[in-house]
Each structure stands twice: as structure tokens, then as C-alpha cells.
Amino acid sequence: MSIFSQISEKPWLESVDNIINMRPSNAFHVPTPIVGLRILLAAMTVLFVLTAISYADHMRLPNWRPLPDPFLLWLNTLILITSSVALQWARSAARHGDLGAVKKVFFAGGVLAIAFLLGQFLVSQQLVDMGYYASSNSANAFFYLITGLHALHLTGGMVAWGRTITKLLRGFSASQIALSVELCAIYWHFLLFVWLGLFTLMVST
Amino acid sequence: MVLAIVLVILAIGSVVFHFLSPWWWTEIASNWGSIDDTIIITFWITGVVYTVVILFMAYCLYKYRYRKDRRAAYEPENTKLELWLTGLTTVGVVALLTPGLLAWNDFVTVPDDATEIEVLGQQWAWSFRLPGEDGVLGTTSAKNINDDNPFGINMDDPNGYDDILIEYDDLHLPLDRPVKVLLRAIDVLHDFYVPQFRAKMDLVPGMVTFFWLTPIREGTFDILCAELCGIGHHTMRGLVVVEELSAYQEWLQEQSTFADMLASNAERRMGKKIQLTKNQITDVAR
Amino acid sequence: MAHVGDTQAGNIPLAEVPDVELYHPKSWITKYVFSQDAKVIAIQYSCTAIAIGLVGLVLSWLMRLQLGFPDTFSFIEASDYYQYVTMHGMIMVIYLLTALFLGGFGNYLIPLMVGARDMVFPYVNMLSYWVYLIAVIVLTASFFVPGGPTGAGWTLYPPQAILSGTPGQEWGIILMLVSLILFIIGFTMGGLNYVVTVLQARARGMTLMRLPLTIWGIFVATILALLAFPALFVACVMMLLDRVLGTSFFMPDIVEIGEQLAYTGGSPILFQHLFWFFGHPEVYIVALPAFGIVSDLISVHARKSIFGYRMMVWAIIAIGGLSFIVWAHHMYVSGMNPYFGFFFATTTLIIAVPTALKLYNWVLTLWKGNIHFTIPMLFCIAFIVTFLNGGITGLFLGNVAVDVPLSDTMFVVAHFHMVMGVAPIFVVFGAIYHWFPLMSGRMLNEGMGKFHFWVTFVGAYLIYFPMHYLGFVGVPRRYYEVGETSFIPDSAADLNAFITVMVLIVGFAQVVFIFNIIRSLIKGKLAERNPWNATTLEWQTAEFPPGHGNFGDLPVVYRWAYEFSLPGVKDDFIPQNLAPNLINMADDDDSVDEQVAE
């Protein structure tokens, strides 16, 4: 039943149907943690969109002096894409019950994410060495803000990744960790998507 | 029961208070009568709704107070009634919005013959800049501000030198001439607020904001800051004097321009230097 | 009523899903301190919120002392005054009302009212409270650091907030921003729980349209909060960087006391957009739960189904959606492009239509009801009056041209206190009187409750109604003292003194209220199981007050939450989970039941 017809019901007219049809603890036919994650991602979308809008707003101000795009940034982007691909691989492996593959690929995905974080740190070091301080121009400040916010969110994701790794080491079965792997994968794809958006914005301006 | 009576007293009392209290707006001194009119319209429409709703509620509370032998009606909804209420409310809202938007349309449309003046806000004082004989204000930048150039006028701009600068003193405005007030702050947000003018607007560092008005009444009015600007916010006062054109012209003659100020500063500094040298000479002589 | 008494309907099987994995506390610490039980978390949230709220209340007394009797209290200096203003505002809006409605009532009522054992992510829910507590502690710490708390106004507008002309520029503002960031992180954890629990953990038969309006209000408010707080979050992070690292997100070229600062190229108005993109939904984050709760209280205590339930739900959703496109009505005189005024005035006045409808429906619920003048009902009526008043003045301020003379005057102060201070607080009071028996098993003292109600209602009206007229006179807000002006009559000072006296009297009534709570906890009258004869599930738990896990078998919901005074039924209410074959039908002799009020 669509959401619109659901909220136009007249609830005082009794009907037995909806009691029988309703799945009690799973109202929207999606695992609860995934619903939670989606809502979290919606909130994070607002955060990143507003940051991007602030960025765009600042660009039209007279003092805006864009930074160079270090080569390393492109490499990092590639690493993050690979990381996301690895997690997607782990996700489908877990679905098919291939625990061995899950272990390898899921682990690799996380390591790649760590590599990405290190890479981002290096980029900012490079820029600081070149004299692009956060305080000297808004363009620099926004670069550090955006990469920083993104990196923080990815670091948060690493906690979930670490917990899943622990589960894998403790010998959970593929079906037991399938949901955790799936959650990580969704989160990774989201952050990749966010990064690609922000990266495009920063590189194109 | 008591509550019903209290509500009736409250509704009637509020209306009585509205008409009898000594606290009402100060007499208007600008062309923004349309804003006052919109407020009056809003008062009438909302006042009627307020009184009717509260009196109806008081009636319900009295009529349908708990009685053991009675049962409430069972009526989950009444689409017709709700549609009527929606319609009526919409009509009311349109009646409020229309005069409001018309007034706003005037507010954002600055007449071509308006004279530009500039208000400069800083913690915690008002300064003003009027265009000189060329009728144009020189361009400015906060980066240019120093002791010699408190307004940050752009030295490369020839229009700036004849600008009339009024530091920490009263602003005068001619009667019945439209004025476009350009607003500029050099430190934090301020808000140029003259209650009699009705119009007000924030001063934002880094940009120039504006509003316009035509003074319609002679008098001396307070300028207050209406945007929290730090510890001295409440002390940030000024005066604006609205007067006949002839009196205004007379006052204008007495004010000094940016060029005058630069000259007198330079003179003072030179004088100081000469004096110093003289002292040194006497020292040496001794 | 085709299904009443239908045995088939009575035979619906209980929930066949395995019970949720419920965390069982093993020690006193995990039961009462680091508890994962939403009810305990709710009480922790409420107590913390009320405690910090009392600090906010005392600050308001100090402020009013200064305004009512300027030059009398030498210990209140201008810097103190602006610090009181700031901390009072921030505490009341964020740390009291948001935390209390969502963290307090949300936690307590959502699992119980939707028929769940607990929130869906109890561990995260626990973390939410502890992060909130840390946020409150950081906020409180700012009273004790050198320079004191920030005095930038609760709106924290830059550049002022981080420059030296503002009190608390050294540490106060930093702690404030850190505290807000923590609050948002903590809230997001809790908020996910509230939303997902409503979506996923409803009992069998609890369709969306059978949810009590309390849940609808909290649910939509939480969605608003989850989508609005990120704006404040990013604004706080940026301002923190401006203050600590010297970036210029919000800082243009500035000359402070004759000195050129290093800041360059930022945009102060950007902050205002971000702040109000959060700030306006915030108004509804506080108001929507209040709307929901008041709907339920009125319905229960007037023994009548809420009038126009569907319209009420749609209005909540519509208001929630519209609240994201009205934010710049706080910025009509901010210097933003003035043409925005047309759009935002229109959207703002459109939002008045669903809001007005809600108000009509509350009054129409009273109409033809059978109204018990219990304390919760009294506070509901006080809410309707003050909310109507505050809503109406909102029509002044939302209408862009009218806002120009009135903005930044006491009219605004009176308006928002009426609409999002007094009105929601009345709902909080009503809700506490209503649900205290459920939480504690004891009733609150009625005599003290009546005293509390009358003093607070009449007092608050006498405080804020005349205050609008000070705004008309032109008295600006956030003024340590107004001093001599040509347009403010001397009588305004008398009015200010009167308001201050009323504030102290109303403040005293709150002390009585707190005393009533403490006393009733210990020796209040024992409550019956369902003292108000309510229909909703929270009164149908296995134990009373509800214990760990809330229900025995999870309830099955047969009807909406407003089955009051149904013709042909003996009782004037039918609980949501009462099987149709168990409904006590009226005897034919019982003709009073049919005698519906005309």
C-alpha cells in the first residue's frame, strides 16, 4: 500500500485487513538497521549539500582564490572507488555465503579506505607546505573543511568496519555478518558518492 | 466554569487593553504609512479571529463541562466544516498578505530621484557620509580604513574627495526628499533603527545594504542600534534631524569634506613635526 | 461498527515474530545509570533537561530584574546581562525544550504508544543521552571559565560572536560551539531511534493512521530535527574554525577599534542562512510534539475523539515540510536580497493555514465534548490561548512589510515566548500531570496543581501580552537599559517593573511545581491503572508502572487511539488493544449513552 493511501485511511472505520496483513516488527519490509542507516544518510546528505552550497556561495565573493588540484587527490579518488568496489564485492559474496571471499575482500576494502584517509592527510600536508593555509583564503579553508568532514565520516565508518572484522575473526557465519557487510557497503557507496560530488565541485572551480 | 469566565475576561480585557493602553507606536515621520495601514488591517482581522475563537472556546467549556448523565458526541471529522474553515482562513491570509506585499513592493523599489547617503556603523557609534557637489559617493573598502581615512574611502576614486563626512555627530535630512540610505559596517552587524521612520535594516560588514524613505515630518529623532553588536549595543545612539530644505542647506555648508579632513590632518601632522624639530633644536642649543 | 463482537476479529493471532532481542540489565549500574531501557533514558533526559532549564529560568529572573529595575542591581553589568540573554535563550530552546520533548517524552512514549518493547537501537539510545549530558556539562562549564559564557545572543551571529566586543569571546563561545556540536551528535543518535522505532517496531495492527497524534508530532519533529540540525552543525564547525584557526568563513574584512584584523573575504549572512535553515524547523521541532501531545490530552479529557484526525496528521506533515522553506522570514532586515521577502512572506503565511486548522480542530474537539477540568485539560486550554495569541503575532512578523518596524523589538520577544516558550511549556506541564501517574504510579497533588496552573497561566499572559505593546512603542530587544529616548513614555518603565514582578511570581509557582513532583513521588496518592480512562497502549502494559520490556505479549491493535464515547458502547472509551468481542455493549435500558450532547 502506498504511503499516500496509508495516510488517507479513515482509521475510525474498522477494518480487520490491516491487522492481518501487517508484519508486526518489520513494518516496511526492510531490515531495521538499513532503515536506520538510510535516515542517517539523509541527515548526512543535508550536511554535505549545505557545505557545498556554502562553498558555492563563497565562490562568488571577490577574495576567492582557488587552490591547485594536487595529483594525489586523483589517486585518492581512485583508491576510494576501489575500496567501494571491494565492499560491494564482499556484499555479494556474503549474500552467496562465500565466507572466504568476504573475509579477503572486506578486509581489503577497509585497508584501501585507510589508504585513502592517509592519502587525504598527505594532500593537506602538501598544501600546507606549499603555503595554502586555512586562514589565508576561504578556498583553502573550504578545502580543509570539506575533506576533513568527509574523512571524519569515513573514520566513523571504519568503526563499523572494525566491528565487522572482529565478527569475521570470531568465526561468525556468512549469513550472520551479511547485514553488517551490507551496511558498510551502503555507507561506503554513499561516502564515495559524496566525495565524487565534492571532488567534482572543487576540481571544476 | 471559572476558566470559561476567565477566558471571557481575558478576551475582552485584551481588546480593552489594546484600545486604552498608553503604549502605542510613536507618530510616523516617513512615507511608510502603508506599513502602518497593514498593521492596522492585521490587527482587525486577527483581533476578530482571536476574540471569536476564545469566546467560542469559553462557550464550549461552559456548555460541555463534565456532567455524569451526558456523553460526548461521536464525530471523527466533518469535511465540510473543515473545508469552510480552510477557505475562510485562506481568505484572511490573503487579506493580510496583499497589503503587506504591496507595501514591500514599494519598499524594494527605490525611486530614481532618491539622494544616496551612507550610514557607517561601528562599535558603538554612528557616522554618516553625504555625497559632495558631484552628487556621487566615492567607493570604499574596509581595507583602506586608517586614522586618516575613517570611512575607508578609495583614494583612487575622484568622487570621494568631496564627500561630506560626519563623524559621531547628528545626521540631517531635508524634508520631503526621498533618500536612499546605504548601510555599511566595519566590524560587526548593526541595525539602523529610527522608530519614527518605521523602516530599518541591518548593516553588514563586507557588504552594502540599503533601504529608502522620504521624511515627512520635521523633528529630531533617535537612532538606535537594533542588532546586538556587543557589550555597548544599548549605548549606540545617534540623532537624525529632519528639517526644511533651506535649514538643511545651511547645515550642509558647515560640514567638512574628505579633502578638508585630509588637509587638516596633514597640517596638524606637519605642525607637530615642525614643533618637534624646534624642540630638538633648542635641546641642541642648550 | 460491523465488526464489533465479531468473533473472527477476536481470533487474530498474536505477533508471530520472535521477540526482539531485549537487553537485560544485570547490575544496578546498567539498570539505572548506563541503562538501555528507553523509559530510564527518558527520565534521565527529562531530569537533565529540567535541571538545566531551571538554570535558564533563574537567568530570566536576573534579566528581568535588570529590565524592570534598571540601576538597582549593581551586580548585573551590561556584559552579565548579555550573557544571561544568550544562555537563557540557548538553554531554553535547545537544551530544555528540544531535549525534553524528543529525548524525554519521545523516549518514554514512543515504544509504549506504538506497542514496542523498547527502541530499536537501545545501545545507541543510551549513548545519545550520555553525549547530551556531556554537551550540557560543557555548556555549564562556560559559566566558570575566564570571561564567562558567550554574550553573543542565542543566534550567535558572526562576526560579533567571536570578536572582543562581545563578552565570553575567549572561552565562552568556544564551549558553546563545542557543546552544540556534541548536542547535535547526541541528538542524531537518539533521533534515529525515534524515527526507526515508529517506522519499524509498531505493534501488529498499528497502522500509520492509528498512531496517536503524540507519536505523529514527535515522529515528524524528529525527522525535521535530523534534517535541520546538520545546518547548525556545519555552521558551528565553520565558526569554531573561524575562532580557533582564523579562517574566514563568516568573517569579512574587519576593522575592530581602529585595527585591521586578519580576517578577509567571508560572509556573515551565510551564517544567518545556515542558522535559520536550522532555526525555523527548530520552532516546529518544539511545536509539533506539543501539537501532538495536546491533541491527545484534549481528546482524553474531553472524552471525545479528536476532531478531524486525518486533517491533523496532514497538517503536521504539511507544517513540517513547509518549515524548510520559510527560514528567511527571520532575515527580512538582515540585508539579504530584499526580493526574497516576497517568497518568504508568502510561504510563511501559507503555513498559517494548516496551523490554524489544527487550532480550530482542538477547539472543535471541545465542542460537544464532556469536558473534565483536570489539570492536564486546564493546561491544554492555556496552550490553545497562548498558542493562538503567539500564532497571530506570527502573522504580523511573517508579513515582510509589517516585520520591518517590529523586528528586533520587544514585540518579537513577546511573540516567540508566547508561541514557542509559554505554549509548549504549558503542554509539557499538561503532559507531566497526565503521564506522571504512569511513570511513578502516583498522582500529582491536585491543589498544588491548580495553584501552579492559575498562577502560571494568568501570570504568563500578563507578562507577554502587554510586552507586545512595548514593542509597538519601539522598545528594542536585547537592551541592557533603554535610557532616555524621545519616543518611549515614562509609563513604559512602570510596565517593565510590573512584568518583572509577574515573572518572579510565576517563577515561584514553578518552585511549587517542582516541590509537588518531589512530594508526590514519595507520598502522592496511589494512581489507578488507567486514571484518565485513556485508550492508548501506554496504559495497557503488563506491569504498572510499565516495567522492563513494557508489555507481556506484544499488544494487537484493533482501532485508532480516539475511540471515545462510541454510541452503543457502555464505557465511554475503548482501549486500542481491546479485542472487539470483549467490548462491553450498552444495555438497551442504558439510554443515557444514546443521549448525545446536542
Original post:
How high is the FRET efficiency between B:Leu55 and B:Met270 when r is their beta carbon distance and R₀ equals 56 Å, given to the nearest 0.05?
Top reply: 0.10
Original post:
At a Förster radius of 35 Å, what calculated FRET efficiency corresponds to the Cβ-Cβ distance of A:Val49 and A:Lys167, to the nearest 0.05?
Top reply: 0.55
Subject >> Exposed chymotrypsin sites (Phe, Trp or Tyr not before Pro) absent - longest run of chain B, DSSP non-H/G/I/E/B, at most 14 other C-beta within 10 Å >> reply: B:25-167
Original post:
Once both labels are modelled 7 Å past Cα along the beta-carbon direction, what's the C:Trp61-B:Asp147 spacing in nm?
Top reply: 5.1 nm
Subject >> trypsin sites (Lys or Arg not before Pro) within the range C:465-539, DSSP loop, no more than 16 other Cβ atoms inside 10 Å >> reply: C:Lys525, C:Arg529
Subject >> Area projected by the alpha carbon convex hull of the protein assembly as shown, averaged over all directions, nm² >> reply: 49.6 nm²
Subject >> For chain C: relative contact order, % (alpha-carbon pairs under 8 angstrom, 6 or more apart) >> reply: 17 percent
Original post:
Using the eigenvalues of the Cα gyration tensor, what equivalent ellipsoid semi-axes result for the range C:280-346 when each is taken as the square root of five times the eigenvalue, whole Å, largest first?
Top reply: 33, 12, 8
Original post:
Using a 1.4 angstrom probe and counting only protein chains, how large is the accessible area of C:His417 in Å², to 10?
Top reply: 40 Å²
Original post:
lysines near B:Lys63 by alpha-carbon distance under 18 Å, same-chain residues fewer than 8 away left out - which ones?
Top reply: C:Lys304, C:Lys368
Subject >> Most positive-pole-ward Cα, A:Ala160, C:Pro70, B:Leu182, against dipole of the protein assembly as shown from beta carbon charges >> reply: A:Ala160
Original post:
How big is the C-B contact in terms of buried accessible area, both chains counted, 1.4 Å probe, rounded to the nearest 100 Å²?
Top reply: 9500 Å²
Original post:
Which of the trypsin sites (Lys or Arg not before Pro) across the range A:108-203 are loop residues per DSSP, with 14 or fewer other Cβ within 10 Å?
Top reply: A:Arg170
Subject >> Between the range B:1-73 and the range C:325-359, the alpha-carbon center distance in angstrom >> reply: 24 Å
**OP:** Give me the distance in nm between label points sitting 7 Å out from Cα along the Cα-to-Cβ direction at A:Ser175 and C:Ala542, one decimal.
**Re:** 2.8 nm
Subject >> Angle between chain B longest axis and helix B:2-20 axis [Cα atoms, degrees, rounded to 10] >> reply: 40 degrees
Subject >> Mean residue ellipticity (222 nm) of chain C, computed from DSSP H runs ≥ 4 via -39,500 (n - 2.57), nearest 500 >> reply: -19000 deg cm²/dmol
**OP:** Please find, in a Gaussian network model of chain B (springs between Cα atoms separated by less than 10 Å), the residue of B:Thr42, B:Thr79, B:Thr98 whose mean-square fluctuation is greatest.
**Re:** B:Thr79
**OP:** Return, for the Cα atoms of chain A, the radius of gyration and Dmax in Å, separated by a comma.
**Re:** 21.5, 72
Original post:
Which shape class applies to the range B:35-93: rounded if a/c is under 1.5, otherwise prolate when a/b exceeds b/c and oblate if not, where a ≥ b ≥ c are the square roots of the Cα gyration tensor eigenvalues?
Top reply: oblate
Original post:
Counting alpha carbon pairs within less than 8 Å and at least 6 residues apart, what relative contact order, in whole percent, applies to the range A:32-203?
Top reply: 33 percent
**OP:** Could you pull out the trypsin sites (Lys or Arg not before Pro) across the range C:226-320 that fall in loop regions by DSSP (anything but H, G, I, E, B) with no more than 12 other Cβ atoms inside 10 Å?
**Re:** none
Original post:
Given a Förster distance of 56 angstrom, what is the FRET efficiency for A:Ala115 paired with B:Phe17, based on the Cβ-Cβ distance and rounded to 0.05?
Top reply: 0.20
Subject >> Distance between the range B:203-228 and the range C:273-289 - C-alpha centres, whole angstrom >> reply: 29 Å
Subject >> For the range A:43-103 and the range C:77-112, distance of Cα centres in Å >> reply: 36 Å
Original post:
If one puts a single equal scatterer on every Cα of chain B and applies the Debye formula without solvent, what log₁₀ I(q)/I(0) results at q = 0.16 Å⁻¹?
Top reply: -1.27
Original post:
GNM on chain B, C-alpha springs below 10 Å: top fluctuator among B:Gln253, B:Gln122, B:Gln196?
Top reply: B:Gln253
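The values are calculated or read from the model by the stated rules, or taken from the named source; none is laboratory data. None of the values given here were measured: they were computed from a predicted structure. Positions of Cβ are backbone-derived with ideal geometry, glycine not excepted, and every protein chain shown enters the neighbour counts. Keep in mind that these areas ignore ligands, DNA and RNA; they rest on the heavy atoms of the full protein, side chains included. Shrake-Rupley method; radii C 1.70, N 1.55, O 1.52, S 1.80 Å.
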